[in-house]
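*Asks:* Here you go, one structure.
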Amino acid sequence: MCSGAVGRIRTHDPGFRRPVLYPLSYDRSNDTCSWWVQKPYSITYIYVAAETVCNNRGLDEMSSQRIVRKAEINVFIHATEDRAKVIKAVHNLFPSDAELPTYTEINLEGYFGDPITTLSFVVKNRRPATELFENIMAKLSSLDYVTLMDELPQRIDETKNLYIRLDKQKAYLGKIVLERHDALRVKFSLIVPHKGDPAQIVKEYLEENPV
């Protein structure tokens, strides 16, 4: 028998009522809970923080620097989704030999009282954070890569954080695809030279360090 939500935070976002996408869903052959046929809108975030480099380091030194100081990934797990599959979707964003970072967990309550769990993964060190960034860049399709490069100025905020949304369902299947709705949200803190243009720095870094 299904019980009510265990979370303490209520959310009233109508977007949380989107229908479930099946790759991350449980097998519902024995499911008797009618509310499982609806799934809240789910998104995962990846965040990158920014760090200013002293102006005595020129742009020509960026190829030897780690371009990302920190990365954060946030994901919602809904009642219709298999927790292990959602975590696997996040793990698939990392290089194959990378360990999944530890995460914090918060229980929420959806619009109809259904439980939602948020997981926040933080990559604190430059090397693994930059390797995560490079792995995502390498696995994007040519079209998505060009789209991302064109949208860089709009995706980087004033504190030099780069935001990327990736399809959670396809990430579980091992594909990295840009997405705006059912998305994993990633935030990267970029390391940018003093007075440097962060979008241009990212482009130059990728040109000098092809993925």
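The values are calculated or read from the model by the stated rules, or taken from the named source; none is laboratory data. Here the structure is a predicted model, which is why all the values come from computation and not from measurement. Positions of Cβ are backbone-derived with ideal geometry, glycine not excepted, and every protein chain shown enters the neighbour counts.
*Asks:* Would you be able to tell me the number of residues in the range 86-108 that are outside any loop (DSSP other than H, G, I, E, B) and touching a strand residue (DSSP E or B) at 6+ places or on another chain (Cβ under 8 Å)?
*Replies:* 10
*Asks:* Which one of these does V123 not meet: (1) closer than 20 Å to Y172 by Cβ; (2) out of contact with any helix residue (DSSP H, G or I) (no Cβ under 7 Å at 6 or more places or on another chain); (3) surrounded by 19 or more Cβ atoms within 10 Å (Cβ to Cβ)?
*Replies:* Here V123 meets the rest and fails (2).
*Asks:* Also, I was wondering about something else. Of V186, V202, which residue is within 22 Å of I106 (Cβ to Cβ), at pLDDT 95 or above and of a type in the set (A, V, I, L, M, F, W, C)?
*Replies:* Answer to the selection: V186.
*Asks:* Can you name the number of the only condition in (1) more than 28 Å from T80 (Cα to Cα); (2) touching a strand residue (DSSP E or B) at 6+ places or on another chain (Cβ under 8 Å); (3) modelled with pLDDT of 95 or more that R127 fails?
*Replies:* Among (1) more than 28 Å from T80 (Cα to Cα); (2) touching a strand residue (DSSP E or B) at 6+ places or on another chain (Cβ under 8 Å); (3) modelled with pLDDT of 95 or more, R127 violates only (2).
*Asks:* Which ranges mark the helices (runs of 4 or more DSSP H) fully within the range 117-177 that have 3 or more residues being of a type outside the set (A, V, I, L, M) and more than 16 Å from the chain's Cα centre (by Cα)?
*Replies:* Answer list for the range 117-177: 142-155.
*Asks:* Any chance the range 84-107 includes a residue that's at pLDDT 50 or above and among the basic types (K, R)?
*Replies:* Yes: one or more hits.
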